[in-house]
1. Six or more apart or on different chains, Cβ under 6 Å: which pairs go from a residue in segment A:42-66 that's facing another protein chain (nearest Cβ under 9 Å) to one that's polar (S, T, N, Q)? Could you list them?
2. What's the number of the condition A:G403 fails, among (1) more than 7 Å from chain B (Cβ to nearest Cβ); (2) under 26 Å from B:I115 (Cβ atoms); (3) surrounded by fewer than 24 Cβ atoms within 10 Å (Cβ to Cβ)?
3. Taking into account only those residues within segment A:407-426 that are within 8 Å of chain B (Cβ to nearest Cβ) and assigned to a helix (DSSP H, G or I), which is farthest from the chain's Cα centre (by Cα)?
4. All but one of (1) of a type outside the set (K, R); (2) under 24 Å from the mean Cα position of the chain (by Cα); (3) more than 10 Å from chain B (Cβ to nearest Cβ) hold for A:P376; state the number of the condition that does not hold.
5. Among the residues of segment A:432-443, is there at least one that is farther than 20 Å from A:R193 by Cβ and within 11 Å of another protein chain (Cβ to nearest Cβ)?
6. Do we find a residue being free of Cβ contacts under 8 Å to residues at least 60 places away in the same chain, over 20 Å from the mean Cα position of the chain (by Cα) and not in a helix (DSSP H, G or I) anywhere in segment A:20-28?
7. If I filter segment A:465-486 for residues that are within 14 Å of chain B (Cβ to nearest Cβ), at pLDDT 85 or above and either surrounded by fewer than 20 Cβ atoms within 10 Å (Cβ to Cβ) or in a helix (DSSP H, G or I) (or both), do I get at least one hit?
8. In this structure, does A:I396 turn out to be under 15 Å from A:A211 (Cβ atoms), within 14 Å of chain B (Cβ to nearest Cβ), under 22 Å from the mean Cα position of the chain (by Cα) and of a type in the set (A, V, I, L, M)?
Amino acid sequence: MVETFQNLLLGFSIALSPSILVYAFAGCIIGTLVGMMPGLGPLAGISLLLPATFGLNPIIAIVLLSGVYYGAMYGGSTTSILVRIPGEAASVMTCIDGYEMTKNGRAGPALAIAAIGSFIAGTVGVIGLMLLAPTLAEFALRFGPPEYTALLMMGLFILAYMSSGSTIKTLASAGLGLLLGMIGIDVMSGYTRFSFDVVELGDGVGIVPVAVGLFGISEILLTAGQAAAVKVQRPRLRDLIPSREEFRLSVGPIARGSLLGFMIGIIPGSAHIISSFVSYGMERRLAKDPERFGKGAIEGVAGPESANNAAASGAFVPMMALGIPTSPVTAVMIAAIMVHGISPGPLLISQQPELFWGFVASMYVGNVVLLILNLPMVGLFVNLLRIPYSYLYPCILAFCILGTYSVANSMLDVWMMLIMGGIGYILRKFHYDLAPIALGLVLAPMLELSLRQSLAMSAGDYGIFLERPIATTMFALGLLLFLLAIKPLIFKRGKDWRKDVGLEGEQG
Amino acid sequence: MTEQTPQAPGKRGLKSDQFSGLMLVAFALYVAWENRAYPVGSLQEPGPGYMPLLLAIFIGVMGLLIALGGGKSQRLTAITWPEATRAIVILLACGVGAFALERIGYRLTVIALLIFFLGVLERRRPLPVALVSIGFGFISYYIVGDLLHVPLPRSPWGF
């Protein structure tokens, strides 16, 4: 505990240096603006800003990008509450009661509770990250290739279990992503696979063009041609203070959302989206008068907003401790660290304490920045929503091309982004989850390498996965969750947890 | 986002999940066919073609399951594509922009793209179109190219 405290002090000495503070501020402001723009979620925002971090030192880069991440999570809630447009998918649940509160003239308290909830959840998430990541990293030092294979397989099984839509479609999406990750040189044999004589494809497909295409371009293709700017309420500072009753009603949902969000955030998939759905479902179930939900219940804002912010912090635990991304956002952030020659993994925390603890401390700072900056400036930020979408989307498209090109000065990346945009558009029409594709792309090389290394270690004996207790446990856990995930498919009367919380779940 | 159009029960015709599942099966078969070029190796000693083949089989099986279980999904014809024409035009314009980027430089490409989107596609008034296009082209170049030192393509005329 004393060591943690000392490390945290080291982190604060880094995070409170003027240059880091400036970038934390900049990240939070950019993130808030990005989160408010439909078509530019946290992932597209981070991907577009990635090239700009190449010239910065790694601590500043990660502080800036994480500021964009949690800034975007907050920004999404503002548009949900004021105009019923979720700036990003995790804010969908906030729309329901947040916008009803706006219609009832309570937009200010809804925004304030969303901000306070986000702050508390963000802080709880950082404490969790601070306590859990070093312990997990220490434990992960015992991992060899079989354990990594089991861990990655478990991650994919959990992804199927936690998917918001159909399990089979999620698995198919993950398969497509894994296959995309097969493109390029096979490190063990030197074969170049599926490159179609394009030399640049030898290096594989980058996460940025895929992420920007799937999430940014496809959204624009779906929403282009939208009507003019919406009418936006502009809340005044004095209208923001919630009543005593609203505070009282929000305490429980914020506490539950924070814990739930953090736990869901650690596991793979679209955690921040799922956590907000689960939190909303839980609050509605726990409420004495659930009929208030959908008509402007403040718990319907406090719970999901806290949950999605805590999940954003939770996602950093496996990223920092294991070097494994559990979401497309953390995959891009890993790419940002690797550009600076730093390998994420269990040794990161011990070998790069300044990076980890500086990052942790900057998250505390970032949460405070978001709270004190966004509430007074909400009136200013909502002006962005007055810009007609017909002016916004061409600029966003230009940003997408600019950002993708500048990652590697590669035209192939731009083409890849456009192809992925088209594919994402079609897949969304058919209700396929896109996050597993991005995740599969990043996990594929790790999974293949660890599997083949494991088999090389055991002279081709698959029993190696059963001889090592950690690997066996992870495989068993993953398999159990997979069976639970496909249960509703086999037994039609089986209860699907996703339908209980308002997600799509299995059809039929 | 996309809306599920209510389906008329009992109507015949291919369903959306059946179609998408079959497309996945076709894609899996294509991947398996392309994978012939790489040695698969054995179960004990996987070669470079092993994992792609495994994934092709996996995607094929998933596609088959989606198609088989897709009887209750909406009809394929019920999926509406009102924005498709505009989406195709946007993608094509971006494709032309991508082609032009390294030939005529970042600023000219972005200005031309924005003039096309705002002036031609969205039919906005000429003055705002000119201001936004030229302003965005120059300001974004200044911020990203000059301030953040990200190398962006210039035209052959050094512009």
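1. So the pair list comes out as A:P51/A:S406.
2. The number of the failed condition is (3).
3. Taking segment A:407-426 and keeping what is within 8 Å of chain B (Cβ to nearest Cβ), we get A:409, A:411, A:414-415, A:418, A:421-422, A:425.
Adding the requirement that they be assigned to a helix (DSSP H, G or I) leaves A:411, A:414-415, A:418, A:421-422, A:425.
Values: A:M411: 27, A:V414: 23, A:W415: 25, A:L418: 22, A:G421: 19, A:G422: 22, A:Y425: 20 Å.
The selected residue is A:M411.
4. Just one mismatch for A:P376, condition (2).
5. The answer is yes, given that some residue of segment A:432-443 is farther than 20 Å from A:R193 by Cβ and within 11 Å of another protein chain (Cβ to nearest Cβ).
6. The answer is no; no qualifying residue exists.
7. Checked segment A:465-486: at least one residue is within 14 Å of chain B (Cβ to nearest Cβ), at pLDDT 85 or above and either surrounded by fewer than 20 Cβ atoms within 10 Å (Cβ to Cβ) or in a helix (DSSP H, G or I) (or both).
8. Answer is yes for this residue.
The values are calculated or read from the model by the stated rules, or taken from the named source; none is laboratory data. As the structure is a computational prediction, the values presented were derived from the model and not from experiment. Please note: Cβ atoms are built from the backbone with ideal geometry, for glycine as well, and neighbour counts cover all protein chains shown.
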